[in-house]
Amino acid sequence: MALLVDINLLERFEQTVDNMVAYFVDNLPELIFSLIILMVTIFVAKIVDNRITKYSGKFQKGMRMDPTKFTMLKHISVGFVYIIGFILIFYTIPGLHALSSTLLASVGILGLVLGIAAQDTFGNIISGIALVFFQPFRVGDLITVGTNYGRVTDVNLRQTTILTADNRYILIPNSSLNKETVINWTYDDTLVRWSCTIPISHNSNIDRAREIMLEEARKNQYVLSREILERKHVNFSADVRARVSDVTPLGVIMLLDFWVDDRDNAVPAEYAIREAIQKRFYDDPDVSTPLPHYVFSRDDKTDISSHL
């Protein structure tokens, strides 16, 4: 019995191979033509991609057009070339051509199935087109999405790519961007007012602490001076400001505000200013940083030796 089963399987395999060989021989011209169409499609798609990339820089400078639109135009154009190529291949191969007629007869059911199976994909495509037209951000903008912060490097029909400060590429589906709150740090102006808190002890001289904080902040290379802010027509009350924001059991919380020309420079500026202020506080007798203090008390009548 096992021998008969093996013989039947072998005969079926040989028959399948013969049918495949016969199909390729009978449709060899069409298959070769389809291969040529595929190669031409890939070649044309590469040309379209390179041409749009090449001329986008010239148009952006001459016409001041947004690079995001060129990026989306490139993706749509390349996708359109591939769609045309695959349609030609689909109708060139006889077997696929016959299959297409059957599919067209049930296009309603097919459309329903595809709609259910690919609703996320279609949602991303629609969201991608909406992002290009409404432009909450553009290629090159610095944005925060959830806990992710980075520079937008690409916007296509499916996803938006941002590059983080630690050189990670984060791919965010376009449909998710319609549900998340997006902070655009460079939408109309790249200038950012940044704040950081500096704690001091209760017995510190607040005026002296404020003086040190203002001096060290204005020394920082990233912090913009009053002259630069006035030249940029920024509406500001002070270039650098230090004030008491809270009083806690641990100490007094000072809030330091300053302006930088880019969100990328805000965190390096904060770290450098914190270090400089801490060094000044350490050397200044009138200012100190808060340290936790613990007070222990006991009843004199209690013999603590019995508990040791």
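The values are calculated or read from the model by the stated rules, or taken from the named source; none is laboratory data. The shown structure was predicted, so the numbers you read here are calculated from the model rather than taken from an experiment. Here the Cβ is made from the backbone with ideal geometry for all residues, glycine too, and neighbour counts use every protein chain on show.
Rundown of residues vs (1) modelled with pLDDT of 65 or more; (2) over 42 Å from the mean Cα position of the chain (by Cα), yes/no style:
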{"position": "Thr16", "(1), (2)": "yes, yes"}
{"position": "Tyr23", "(1), (2)": "no, yes"}
{"position": "Leu31", "(1), (2)": "yes, yes"}
{"position": "Ile37", "(1), (2)": "yes, no"}
{"position": "Lys46", "(1), (2)": "yes, no"}
{"position": "Lys61", "(1), (2)": "no, no"}
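What are the pairs, 6+ residues apart or on separate chains, where a residue within segment 244-266 that is over 12 Å from Thr197 (Cβ atoms) has its Cβ under 7 Å from a residue that is of a type in the set (S, T, N, Q) and surrounded by fewer than 17 Cβ atoms within 10 Å (Cβ to Cβ)?
Asp261/Thr190; Asp262/Thr190
Working carefully through the options Ile253, Ile198, Ile172, find the one that is assigned to a strand (DSSP E or B) and within 26 Å of the chain's Cα centre (by Cα). Break it down into steps so the answer makes sense when it comes.
Details: Ile253 fails: within 26 Å of the chain's Cα centre (by Cα); Ile198 fails: within 26 Å of the chain's Cα centre (by Cα).
Answer to the selection: Ile172.
Check Ser201, Ser175 and return the single one that is closer than 25 Å to Ser245 by Cα and of a type in the set (Gly, Ala, Ser). Spell out how you get there, then give the answer.
Working: Ser175 fails: closer than 25 Å to Ser245 by Cα.
Exactly one of Ser201, Ser175 is closer than 25 Å to Ser245 by Cα and of a type in the set (Gly, Ala, Ser), namely Ser201.
Could you list, in sequence order, all residues of segment 237-249 that are of a type outside the set (Val, Ile, Thr), in contact with a strand residue (DSSP E or B) (Cβ under 7 Å, 6 or more places away or on another chain) and surrounded by fewer than 17 Cβ atoms within 10 Å (Cβ to Cβ)?
Filtering segment 237-249 down to residues of a type outside the set (Val, Ile, Thr) leaves 237-239, 241-243, 245-246, 249.
Filter once more, so that each one left must be in contact with a strand residue (DSSP E or B) (Cβ under 7 Å, 6 or more places away or on another chain): 239, 241-243, 245-246.
If the condition is that a residue be of a type outside the set (Val, Ile, Thr), in contact with a strand residue (DSSP E or B) (Cβ under 7 Å, 6 or more places away or on another chain) and surrounded by fewer than 17 Cβ atoms within 10 Å (Cβ to Cβ), then Arg243, Ser245, Asp246 are the ones that fit.
Looking at Ala130 and the list (1) touching a residue at least 40 places away in the same chain (Cβ under 8 Å); (2) touching a Leu at 6+ places or on another chain (Cβ under 7 Å), which single condition is not satisfied?
Failed condition: (2).
I'd like the residue in segment 121-164 that is of a type in the set (Ser, Thr, Tyr) and crowded, with 18+ Cβ neighbours inside 10 Å and, out of all such residues, is farthest from Thr53 (Cα to Cα). Full working, then the answer.
As a first pass, look at segment 121-164 and keep what is of a type in the set (Ser, Thr, Tyr): 121, 127, 144, 147, 149, 153, 160-161, 164.
Add one more test, that the residue is crowded, with 18+ Cβ neighbours inside 10 Å, and what stays is 127, 149, 160.
Values: Ser127: 23, Tyr149: 26, Thr160: 18 Å.
If we take residues in segment 121-164 being of a type in the set (Ser, Thr, Tyr) and crowded, with 18+ Cβ neighbours inside 10 Å, then Tyr149 is farthest from Thr53 (Cα to Cα).
Going through Ser204, Ser297, Ser288 one at a time, which residue ends up being at pLDDT below 85, of a type in the set (Ser, Thr, Tyr) and either farther than 30 Å from Thr186 by Cβ or more than 33 Å from the chain's Cα centre (by Cα) (or both)? Don't jump to the end; show me each part of the working.
Working: Ser204 fails: at pLDDT below 85; Ser288 fails: at pLDDT below 85.
The match here is Ser297.
So in segment 185-220, with the set limited to residues that are within 13 Å of Phe258 (Cβ to Cβ) and among the small types (Gly, Ala, Ser), which one is surrounded by the most Cβ atoms within 10 Å (Cβ to Cβ)?
Ala217
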